[in-house]
Amino acid sequence: AQTVTQSQPEMSVQEAETVTLSCTYDTSENNYYLFWYKQPPSRQMILVIRQEAYKQQNATENRFSVNFQKAAKSFSLKISDSQLGDTAMYFCAFMKSYYSGNTPLVFGKGTRLSVIA
Amino acid sequence: DTAVSQTPKYLVTQMGNDKSIKCEQNLGHDTMYWYKQDSKKFLKIMFSYNNKELIINETVPNRFSPKSPDKAHLNLHINSLELGDSAVYFCASSQGDRVRGEQYFGPGTRLTVT
């Protein structure tokens, strides 16, 4: 079974600064996907960024980037130029490759990020 | 257009009642899911379903049952509600054969059992 660990229950960052959220996972799969989801107070789950395990290049989406270390099973999220709207719960999630069968997401326990003005 | 919708968004009911939460997706996806988010915000899969098979998380009580009238809908029925069922329930969908694998979530249904 896969597990996802987020070791930082809460973090805070000053507006315009950079913050990194940590995530580690455990799996015996070789093909899989990793995601960061954002959940603001509205509770809507919003996909922030995805990473395919077979890609060595780290994914980036505007101010969001990841540091994917496959051997270490680490998948951290860096938010640059933090904005007040980034305040939310952030969930790291793992998904097996579709070709392994039905593929629900396995979530970490989340990190509550507060951006301070 | 809402991609994944759920009704109702809020549901307050008493212990022992039976209730349903509806989910619809207009994305043409072939796989749908139900997740439960508990009071500590932990998200856990309850069911995965496509037109081929239903996968049930073994920790889910059999009072919970998914029902799919068609490919675009996956409703959640809960019998004999208990206090511990209070949570936010999310429906999600994905197209299983797409490599990118993204799941789209509905807005969630907050269930409160009194």
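FYI, it's all coordinate maths here, none of it is from the lab. Bear in mind the structure is a predicted one, so any value in this text is a computation, not a measurement. Backbone-built Cβ (ideal geometry, glycine too); neighbour counts: all protein chains shown.
Candidates A:43, A:50: the one that is basic (Lys, Arg) and either assigned to a strand (DSSP E or B) or more than 14 Å from chain B (Cβ to nearest Cβ) (or both) is A:50.
For the range B:8-38, filtering for residues that are in contact with a helix residue (DSSP H, G or I) (Cβ under 7 Å, 6 or more places away or on another chain) and among the β-branched types (Val, Ile, Thr) leaves 0.
The lone criterion from (1) assigned to a strand (DSSP E or B); (2) over 13 Å from residue A:95 (Cα atoms) left unmet by residue A:7 is number (1).
Residue count for the range B:39-66 satisfying the condition of being surrounded by 13 or more Cβ atoms within 10 Å (Cβ to Cβ), farther than 22 Å from residue A:37 by Cα and charged (D, E, K, R): 1. Screening chain B for strands (runs of 3 or more DSSP E) wholly inside it with 1 or more residues that are of a type in the set (A, V, I, L, M, F, W, C) and within 9 Å of chain A (Cβ to nearest Cβ) returns the ranges B:43-50, B:54-56, B:87-94.
Name the residues in the range A:10-25 that are β-branched (Val, Ile, Thr), farther than 15 Å from residue A:35 by Cβ and assigned to a strand (DSSP E or B), would you? Full working, then the answer.
First pass over the range A:10-25, keeping only residues β-branched (Val, Ile, Thr): A:13, A:18-20, A:24.
Subset that is farther than 15 Å from residue A:35 by Cβ: A:13, A:18-20.
Hits for the range A:10-25 are A:13, A:19, A:20.
Just to be sure before I move on: is residue B:30 within 28 Å of residue A:51 (Cα to Cα), surrounded by 14 or more Cβ atoms within 10 Å (Cβ to Cβ) and in contact with a strand residue (DSSP E or B) (Cβ under 8 Å, 6 or more places away or on another chain) in the structure I sent?
Values: within 28 Å of residue A:51 (Cα to Cα): yes; surrounded by 14 or more Cβ atoms within 10 Å (Cβ to Cβ): yes; in contact with a strand residue (DSSP E or B) (Cβ under 8 Å, 6 or more places away or on another chain): yes.
Yes, satisfied.
Scanning the range A:70-114 for residues that are closer than 22 Å to residue A:13 by Cβ and polar (S, T, N, Q) yields A:74, A:76, A:80, A:82, A:83, A:87, A:111, A:114.
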